[in-house]
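Chemist: Before we start, here is the structure in question, set down as structure tokens.
The values are calculated or read from the model by the stated rules, or taken from the named source; none is laboratory data. Computed from a predicted structure; not experimentally measured. Backbone-built Cβ (ideal geometry, glycine too); neighbour counts: all protein chains shown. Accessible surface areas use protein heavy atoms only, side chains included; no ligands, DNA or RNA. Shrake-Rupley method; radii C 1.70, N 1.55, O 1.52, S 1.80 Å.
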Amino acid sequence: MTTISDETAPAPASNGEDKEQKDEEGTPDPAPDSVDGASAVEQPAAASSSEPSSLEQQQQPSSSDPPPQMATTTANSSSSTSPPANNNDDDGNAKPPTTRQAVLAPLPLDWTRMAECDDDPNQNLANIVRYPWDVMEIDPSETHLAIVGTHGQKITHMGSKLHERVSPNITNLVLRSHLIRTMEGIAGMKQLELLELYDNMVDELKELEGDGEDGLPGRNLRVLDISYNVIRDMGPVSLCPNLQELYIAQNKIKSIKGLKHLKLLRKIDLGANRIRVMEEEELSGLENLEELWLGKNKIEKIEGISKLTKLRRLDVQSNRLTSIENLEAQVDTLEELYLAHNGIDVEGAKCETGLALPFTQLNTIDLSRNRLVDTSPFAHLTALSDLWISGNDIKTFEDVEHLGGLTDLDSVYLEYNPVASEFEYRKKLAEMIPSLNQIDANMIGGLAQHGYMSVGGVGSGENNLVERMKQMQDAAIEKAKAEEQKLAAAEEEEEVKESATSTEEEQKDSEQKTAAESEENV
């Protein structure tokens, strides 16, 4: 905080007009003079010997002072053309200097206000233009270019001449987490194999077809990641015949398009879009597809995958399914099935073309947060090793007995089912399914028993999980007994006190009665 000296401050006015004018015009912020943020105190050039000169003697602003955002002055200031104001109070003591408070510098958050308007178009944040070469020095001999927006300034434009600034043999281009709206500048990148524009604001797939003699960047592309943008039409991916991995999650796609001729495609992620139908016309040509991720859409039925004979992972979780069906083509290949957060019940899970099929490789199933009431749909799946059925409506151990014959079942998640609140839930479940090594998030017998480093002796000897649970149970029982005994003793003591009090009162009454009779006789 900086003190305004008497010789340089404007003269006060009795009606406060000068002060109001000063507040409206504002004053420059004082510069701090120390590391801890304390501001310097400017001493008047001709101050009297009685005027304070240390920070301890400064007075903090009162509650009536203006807000700290505006630098303020007091009425005891004087103009350079007027005689100095009286800085003494009625008793002749020096008044403490008036202070003003510096405003902290704002955080650098300009990029979060890109859409804000401004009178000056040059200062409008939405008009800021940054190219890749503005935020990073590009080596034209490098075949890999990766710029991540979370590490520095954000790019707003790829630049139509980007291909001229990078190596003609560039193979990998990564511009992740920027503010890019238009896909451009890649038309001449004939050797491009990986293009990642994850987490931008791109609304259209452009230049995959190239531009005449500049070549076709889509022709050689192997991996395309355009997730977390605002794309509505995925049709242009058809221009990438050699594409092997496609990521278009978290966009605004309503229908699957452009896939039917991509014979080499092995992995597709279309999660978190607005897809309602698994279109067979588009999916049937994906003869080499191994992973299909369609979580968080609006799909009501599993379909269109009858030709996907190499599919190993299928994810349709967080959709609108009520049954599991049309999996005949995957009976010998499907390894992992993720269908959590749907409306599937036992009957829907037992469809003849669904889990009722004799899957030979299916080892992981996630049906958490559905409507299952027992585990009968899984009884015949002998290859099953991980079963996640948390958050259903499985009530009793009889409803879990169907898993007893699964000799390869290694872990099961049953938490948030009614049965999980049963007495000795973990112990009974372990006895029912001897192959289990993990129940919910905890290993049976502790970590050390399964080859992990033990913590505090967990998992060894008498300190294994079952023993510790028994010890805790015994301790709880002993504590309850001790509390009961303590309560009984307290009650007994209270009864003794009440009995003694009653006896004293009776004795006192008897003595008073005897005294009264004696007085009557006299």
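Chemist: Name the single residue that is surrounded by the most Cβ atoms within 10 Å (Cβ to Cβ) among those in the stretch 172-191 being under 33 Å from the mean Cα position of the chain (by Cα) and in a loop (DSSP other than H, G, I, E, B). Reasoning before the result, please.
Modeler: Going residue by residue through the stretch 172-191, those that are under 33 Å from the mean Cα position of the chain (by Cα) are 172-184.
Still in the list and also in a loop (DSSP other than H, G, I, E, B): 177-184.
Working: S177: 17, H178: 26, L179: 18, I180: 22, R181: 16, T182: 17, M183: 22, E184: 17.
Of everything passing the filter in the stretch 172-191, H178 is surrounded by the most Cβ atoms within 10 Å (Cβ to Cβ).
Chemist: Keeping to the stretch 285-300, report how many residues are within 30 Å of the chain's Cα centre (by Cα) and part of a loop (DSSP other than H, G, I, E, B). Write out each step before concluding.
Modeler: First, the residues of the stretch 285-300 that are within 30 Å of the chain's Cα centre (by Cα): 290-300.
In the following step, the residues that additionally are part of a loop (DSSP other than H, G, I, E, B) were identified as 290, 294-300.
Here the count works out to 8.
Chemist: Here is a follow-up. Please list, ordered by first then second residue, the pairs with beta carbon atoms under 9 Å, 6 or more apart or interchain, first in the stretch 470-488 and within 20 Å of G445 (Cα to Cα), second open to solvent by 100 Å² or more (accessible area, probe 1.4 Å).
Modeler: Q471/E462
Chemist: May I ask you to verify whether N251 is surrounded by fewer than 18 Cβ atoms within 10 Å (Cβ to Cβ) and of a type outside the set (G, A, S)? Explain how you work it out, then say what you get.
Modeler: Working: surrounded by fewer than 18 Cβ atoms within 10 Å (Cβ to Cβ): no; of a type outside the set (G, A, S): yes.
It is false that N251 is surrounded by fewer than 18 Cβ atoms within 10 Å (Cβ to Cβ) and of a type outside the set (G, A, S).
Chemist: Test E287 against the criterion of being of a type in the set (D, E, K, R), open to solvent by 30 Å² or more (accessible area, probe 1.4 Å) and under 20 Å from L224 (Cα atoms), and give yes or no. Walk me through how you get there before you give the answer.
Modeler: On the way: of a type in the set (D, E, K, R): yes; open to solvent by 30 Å² or more (accessible area, probe 1.4 Å): yes; under 20 Å from L224 (Cα atoms): yes.
Yes; evaluated as a whole, the condition is true for this residue.
Chemist: Which is farther than 19 Å from K350 by Cα and either of a type in the set (D, E, K, R) or touching a helix residue (DSSP H, G or I) at 6+ places or on another chain (Cβ under 8 Å) (or both), of K310, K301?
Modeler: Working: K301 fails: farther than 19 Å from K350 by Cα.
The match here is K310.
Chemist: Kindly indicate whether any position in the stretch 408-417 is aromatic (F, W, Y), open to solvent by less than 40 Å² (accessible area, probe 1.4 Å) and outside any helix (DSSP H, G or I).
Modeler: No, the stretch 408-417 contains no residue that is aromatic (F, W, Y), open to solvent by less than 40 Å² (accessible area, probe 1.4 Å) and outside any helix (DSSP H, G or I).
Chemist: Restricting to the stretch 337-372, count the residues that are under 33 Å from the mean Cα position of the chain (by Cα) and part of a loop (DSSP other than H, G, I, E, B).
Modeler: Going through the stretch 337-372 one residue at a time, the tally reaches 13.
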